[in-house]
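The values are calculated or read from the model by the stated rules, or taken from the named source; none is laboratory data. Everything quoted here is computed from the prediction, not taken from an experiment. Methodologically, a virtual Cβ is constructed for each residue, glycine included, from the backbone with ideal geometry; neighbour enumeration extends over all protein chains shown. Accessible surface areas use protein heavy atoms only, side chains included; no ligands, DNA or RNA. Shrake-Rupley method; radii C 1.70, N 1.55, O 1.52, S 1.80 Å.
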Amino acid sequence: MTLHDEMVAIGKNAVAAARALALISAKKKNAILEAMASGIESCQNSIKEANACDLAAAREAGLSAPMLERLELTDARIKAMADGLREICALKDPVGRTIRKWTRPNGLKIVKRRVPIGVIAIIYESRPNVTADAAGLCIKTANAVILRGGKEAINSNRAIAEAMREGGGRKKLPQNAIQLVTTTDREAVRELVSLEGLVDLAMPRGGEALIRAVVENAKVPVIKHYKGVCHIYVDDSANADMALKIIENAKCQRPAVCNAVEKVLVHEKFASTFIPILAEKMTARGVELRGDDSSRALAPVIKPAGEDDWSAEYLDLVLAVKVVKSVKAAVEHINHYGSHHSDAIIAEAGKARKIFTREVDSAVVYENASTRFTDGGEFGMGAEIGISTDKLHARGPMGLEELTTYKYIVTGNGQVRG
């Protein structure tokens, strides 16, 4: 069997599984998820053994310490995977929910109702816990899932997927509802995202290179975000203490995540007092600062920023600083250099906040709060499958609702169109 034939078979199996899942009640899906969680717990030793093989191979291949840390499955992380599946059980099931209903003058009754998307392909990199998170969210929303993880975690992913299938099977999880692409051949990704008519949606999770590779080869719809170039604009009406606290949190709490701030823009009327104290605080936290000439004149510790800095996603303790003339200039800069992910304004003036939130073209726009809140859990959605900077069909944190689509159910009593 060729790789193409193998991927087509996986796609056809997923379509059959999706049709079976669509008929399962919310109560039954929750029982399956609970059994999947128990399966992970009962297979903890075999999962750790598989993970040890991946870690050994990764060390031999020279993977960096942060990559090894992302790859490792400790007892606590395995427990967290099982707990995460149980948390998904507790979330309200969106499938079958009525979005809207109305009656036409001719008596036709129309209901707009949430339904599963169908088959979702998720392509991700070294974090094996994504295997459990993605499968759980898809099963809750009655979507069949095809998982394609990174080669670094192949053994771990196999062990986790098998544990969930075995556990879920005890509660009649449909066969092939959770499938893992076990080949590490990169060509498999191209084949997977070319399965028109079989795969309904592809979702890449990982670095910009992976996401661009998926988008360039896809023949099926893709939801993604390339990178998180998040900004905080400090207006001349800002509370300085609030601004410092928010910037410190957004940059330093977890600098390697997509909702960490990468650029700070400061109103020119506020810059002379604010930038020196910002530089002092950031330097004390080990943050390297890069900036334009105006900001460097106020704080010599700031290194010169190049043109590439304004669109760079550092994912590190590096921050670019720029002085701008107005809130309008900040908006223009963000819309030009940003990634449409998460951007914030720190301001007391209502007019400035209104301009910023209306005109910044991003998935999430904040007033006087950290960009670090862009997260399904923090938004009260429960678990999330990712963050989208697209405008169709989902934008921002993607929870259960974003893993559904809708259909119209129209009920008549013999009406015909004149």
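Do you know which of the residues in the range 287-311 that are part of a loop (DSSP other than H, G, I, E, B) and open to solvent by less than 50 Å² (accessible area, probe 1.4 Å) is nearest to F356 (Cα to Cα)? I'd like the intermediate steps shown before the answer.
Going through the range 287-311, the residues part of a loop (DSSP other than H, G, I, E, B) turn out to be 287, 292, 299-302, 305-306.
Among the residues that remain, those that are also open to solvent by less than 50 Å² (accessible area, probe 1.4 Å) are: 287, 292, 299, 302, 305-306.
Values: V287: 27, D292: 22, A299: 27, I302: 27, A305: 24, G306: 25 Å.
Ranking the qualifying residues of the range 287-311, first place goes to D292.
Counting just the residues of the range 143-159 that are of a type outside the set (S, T, N, Q) and outside any helix (DSSP H, G or I), which one comes out farthest from the chain's Cα centre (by Cα)?
Applying the filter and picking the extreme gives A144.
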Problem set entry | Meets criteria (among the charged types (D, E, K, R) and buried (at least 20 other Cβ atoms within 10 Å of the Cβ)) for D75 | no
Exercise. Mind checking which residues of the range 395-418 are among the small types (G, A, S), surrounded by 21 or more Cβ atoms within 10 Å (Cβ to Cβ) and in contact with a strand residue (DSSP E or B) (Cβ under 9 Å, 6 or more places away or on another chain)?
Worked result: G396
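Considering only the range 49-142, give the strands (runs of 3 or more DSSP E) lying wholly within it that have at least 3 residues that are within 30 Å of V410 (Cβ to Cβ).
On the way: elements: 98-103, 109-116, 119-124.
Correct list: 98-103, 109-116.
Given C43, C53, which one is open to solvent by 70 Å² or more (accessible area, probe 1.4 Å) and closer than 18 Å to E162 by Cβ? Walk me through how you get there before you give the answer.
Numbers: C43 fails: open to solvent by 70 Å² or more (accessible area, probe 1.4 Å).
Of the residues listed, the single one that is open to solvent by 70 Å² or more (accessible area, probe 1.4 Å) and closer than 18 Å to E162 by Cβ is C53.
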Problem set entry | Members of the range 69-116 that are touching a helix residue (DSSP H, G or I) at 6+ places or on another chain (Cβ under 6 Å) and within 20 Å of H393 (Cβ to Cβ) | D93, P94
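Pick from V115, V145: which is modelled with pLDDT of 95 or more, β-branched (V, I, T) and open to solvent by 10 Å² or more (accessible area, probe 1.4 Å)? Spell out how you get there, then give the answer.
Numbers: V145 fails: open to solvent by 10 Å² or more (accessible area, probe 1.4 Å).
Step by step, each of V115, V145 is checked, and only V115 is modelled with pLDDT of 95 or more, β-branched (V, I, T) and open to solvent by 10 Å² or more (accessible area, probe 1.4 Å).
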Problem set entry | Odd one out for I110, checked against (1) in contact with a Phe, Trp or Tyr (Cβ under 8 Å, 6 or more places away or on another chain); (2) under 17 Å from G168 (Cβ atoms) | (2)
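Sort through E262, E268 and tell me the only one that's open to solvent by 60 Å² or more (accessible area, probe 1.4 Å) and either in contact with a strand residue (DSSP E or B) (Cβ under 7 Å, 6 or more places away or on another chain) or closer than 17 Å to A330 by Cα (or both). Steps first, please.
Values: E262 fails: open to solvent by 60 Å² or more (accessible area, probe 1.4 Å).
Only one candidate qualifies: E268.
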Problem set entry | Test set (1) in contact with a Gly (Cβ under 9 Å, 6 or more places away or on another chain); (2) open to solvent by less than 70 Å² (accessible area, probe 1.4 Å) - K109 fails condition number | (2)
Problem set entry | Which numbered condition T283 misses (of (1) within 28 Å of the chain's Cα centre (by Cα); (2) polar (S, T, N, Q); (3) farther than 18 Å from N335 by Cα) | (1)
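Hydrophobic (A, V, I, L, M, F, W, C) and under 21 Å from V130 (Cα atoms): which single residue out of L3, L73, L23 fits that description?
Only one candidate passes the filter, namely L73.
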For this session: Of the conditions (1) open to solvent by less than 30 Å² (accessible area, probe 1.4 Å); (2) closer than 24 Å to L173 by Cα, D133 clears all except one; give me its number.
Result: (1)
Problem set entry | Identity of the residue in the range 160-188, part of a helix (DSSP H, G or I) and open to solvent by 20 Å² or more (accessible area, probe 1.4 Å), that ends up nearest to D5 (Cα to Cα) | E187
Problem set entry | Count of the range 199-216 residues which are open to solvent by 30 Å² or more (accessible area, probe 1.4 Å) and over 22 Å from S339 (Cβ atoms) | 1
Problem set entry | Residue that is farthest from I120 (Cα to Cα), among those in the range 360-386 that are in contact (Cβ under 8 Å) with a residue 24 or more places away in the chain, within 12 Å of the chain's Cα centre (by Cα) and open to solvent by less than 20 Å² (accessible area, probe 1.4 Å) | T374
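Looking at N249, is it of a type outside the set (A, V, I, L, M, F, W, C) and within 25 Å of E384 (Cα to Cα)? Before you say what the answer is, go through the steps one by one.
Details: of a type outside the set (A, V, I, L, M, F, W, C): yes; within 25 Å of E384 (Cα to Cα): yes.
Yes: the conditions hold for N249.
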Seminar exercise, completed: When the range 343-359 is checked residue by residue, the ones that are more than 16 Å from S237 (Cβ to Cβ) and surrounded by fewer than 24 Cβ atoms within 10 Å (Cβ to Cβ) are R358, E359
